[in-house]
1. Looking at this structure, is residue 102 outside the structural domain of residue 268 (by the TED database) and within 30 Å of residue 265 (Cα to Cα)?
2. Six or more apart or on different chains, Cβ atoms under 9 Å: show the pairs whose first residue is in the range 241-266 and on the phi > 0 side of the Ramachandran plot and whose second is modelled with pLDDT under 90.
3. Which pairs do you get when a residue that is within 17 Å of residue 83 (Cβ to Cβ) and in contact (Cβ under 8 Å) with a residue 40 or more places away in the chain, found in the range 129-144, comes within reach of a residue that is buried (at least 18 other Cβ atoms within 10 Å of the Cβ) and among the acidic types (Asp, Glu), reach meaning Cβ atoms under 7 angstrom, with the pair 6+ apart or on two chains?
4. Just one of the numbered conditions (1) touching a strand residue (DSSP E or B) at 6+ places or on another chain (Cβ under 7 Å); (2) surrounded by 20 or more Cβ atoms within 10 Å (Cβ to Cβ); (3) β-branched (Val, Ile, Thr) is not true of residue 347; which one?
5. If you scan the range 368-403, which residues turn out to be under 31 Å from the mean Cα position of the chain (by Cα) and among the charged types (D, E, K, R)?
6. Which numbered condition trips up residue 79, out of (1) under 30 Å from residue 158 (Cβ atoms); (2) touching a residue at least 24 places away in the same chain (Cβ under 8 Å); (3) touching a Phe, Trp or Tyr at 6+ places or on another chain (Cβ under 8 Å)?
Amino acid sequence: MAAPKTQGAATKGEEDGADNRGGAGGVSYEDSKDCILEPLSLPESPGGTTSLEGSPSVPCIFCEEHFPVDEQDKLLKHMIIEHKIVIADVKLVADFQRYILYWRKRFTEQPVTDFCSVIRINSTAPFEEQDNYFLLCDVLPEDRVLREELQKQRLKEILEQQQQERNDNNFHGICMFCNEEFLGNRSVLLNHMAREHAFNIGLPDNIVNCNEFLCILQKKLDNLQCLYCEKTFRDKNTLKDHMRKKQHRRINPKNREYDRFYVINYLELGKSWEEVQLEDDRELLDHQEDDWSDWEEHPVSAVCLFCEKQAETIEKLCVHMEDAHEFDLLKIKSELGLNFYQQVKLVNFIRRQIHQCKCYGCHEKFKSKADLRTHMEETKHTSLLPERQIWDQPQYYFPTYENDTLLCTLSDSESDLTAQEQNGNIAIISEDTSKLHALKQNSILNQLLPHECLKN
């Protein structure tokens with residue numbers, strides 16, 4: 001189909017350039033060909049980048065030019081320069097290819113001016129230098145309905161894909177941090193990374209196209225790029241230390257590349273997850289009451305050093321570790337005279353050894369934590385701590401687990417009860433008052449009192 005004629009008298013729906021919505025006044029047709037409408041880049045190969053044969057393409061609305069789907073900006077540029085048509089809010093179009101095909105067919109049935117607003121640019125110039133541009137936007141009811149239908153169709157496809165992934169038990173993946181292999185459902189790997197490495201990308205049921213998501217994250221790590229600040233480092237060890245020390249074991253929430261992997265971003269047309277969440281928060285604020293009488297604070301539980309047992313207080317946790325693993329943390333603290341920072345280093349040291357399935361008593365390594373726990377309990381190695389210089393190192397200032405609540409409950413207060421105090425066996429030494437008269441004679445008060453009297 002030939003491009004619509006734009007020279008001549010003003011057509012139906014025409015708007016003067018004085019109040020147009022995006023026209024660039026003073027730009028002639030010849031000059032528009034030389035405009036740079038997108039960032040330029042050098043070719044990546046000697047022959048330039050070309051689209052693969054058989055790759056999906058999108059045709060121009062008016063002519064037979066085709067462009068690859070991933071080169072959407074080139075098609076938009078072509079339509080602006082060659083056919084003077086502008087599509088508003090392209091980012092809100094859920095399926096660009098279907099959108100273009102629909103309007104390509106409609107423009108063969110009716111004139112373009114029946115659908116588009118006409119914007120005259122350079123309106124103060126002589127008539128032959130004036131030009132008309134066409135704006136296709138959702139102000140047109142038909143365009144609005146089309147965008148909503150495409151959004152519903154995309155949401156349906158995403159939910160079907162998500163349901164398929166939720167029920168898929170043939171998933172195969174490798175942990176990005178410890179290279180452990182996982183088979184079965186995707187949730188096994190995601191929960192492992194969240195629990196063992198404090199790397200949480202969200203609940204498995206909220207994620208779609210999980211394989212592609214994990215591949216993108218793995219590729220960034222292979223390129224020595226931090227997932228949060230996205231800086232590049234010289235080697236893997238430096239990157240690993242940076243992410244651990246800076247607590248960057250998480251993805252960058254401002255990177256829009258990740259939005260397509262979360263179902264919430266498909267729920268409402270033109271709204272990101274942040275906007276949807278903000279509306280939910282506002283709704284809660286509008287309906288909240290000032291009555292806080294039913295507020296209940298849920299205490300955060302600390303986890304045992306050797307197993308998965310959790311307790312709400314350090315006292316309960318210490319009792320468990322003493323009964324189940326014969327490890328008395330309070331006694332060790334008292335006997336070794338550990339201050340707060342030394343306790344932190346000791347806890348982080350034990351956490352790291354247990355995480356690596358290594359016995360700190362005999363340095364033997366095991367295949368699983370269960371085997372290590374059995375060995376340590378049978379050999380009584382839980383209480384066999386190595387020399388202080390082994391664990392009292394600056395590297396153990398940094399937590400093995402970012403969410404280790406036990407570190408927050410440690411204290412170097414002199415009022416902490418030791419195991420001996422809990423049993424009531426407290427030795428009390430009374431003051432010697434057998435020579436009370438001699439004490440009064442030698443008291444320093446005898447020297448202070450006459451001095452004060454003379455002074456008065």
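The values are calculated or read from the model by the stated rules, or taken from the named source; none is laboratory data. Worth saying up front: this structure is predicted, and the values here are computed from it rather than measured. All Cβ positions, glycine included, derive from the backbone under ideal geometry; neighbour counts span all protein chains shown. Heads up: the accessible areas ignore ligands, DNA and RNA and are worked out on the full protein's heavy atoms, side chains in. Shrake-Rupley method; radii C 1.70, N 1.55, O 1.52, S 1.80 Å.
1. Values: outside the structural domain of residue 268 (by the TED database): yes; within 30 Å of residue 265 (Cα to Cα): yes.
Yes; evaluated as a whole, the condition is true for this residue.
2. What qualifies is 247/198; 247/402.
3. Going by the 7 Å Cβ cut-off, the qualifying pairs are 136/143; 137/143.
4. Residue 347 satisfies every listed condition except (1).
5. Listed by number, the residues that qualify are 369, 402.
6. Of the numbered conditions (1) under 30 Å from residue 158 (Cβ atoms); (2) touching a residue at least 24 places away in the same chain (Cβ under 8 Å); (3) touching a Phe, Trp or Tyr at 6+ places or on another chain (Cβ under 8 Å), the odd one out for residue 79 is (2).
Residues are listed down the side, and each one gets a yes or a no for (1) open to solvent by less than 30 Å² (accessible area, probe 1.4 Å); (2) closer than 25 Å to residue 302 by Cβ:
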| position | (1), (2) |
| --- | --- |
| 177 | no, yes |
| 182 | yes, no |
| 189 | yes, no |
| 197 | yes, yes |
| 207 | yes, no |
| 211 | no, no |
| 217 | yes, no |
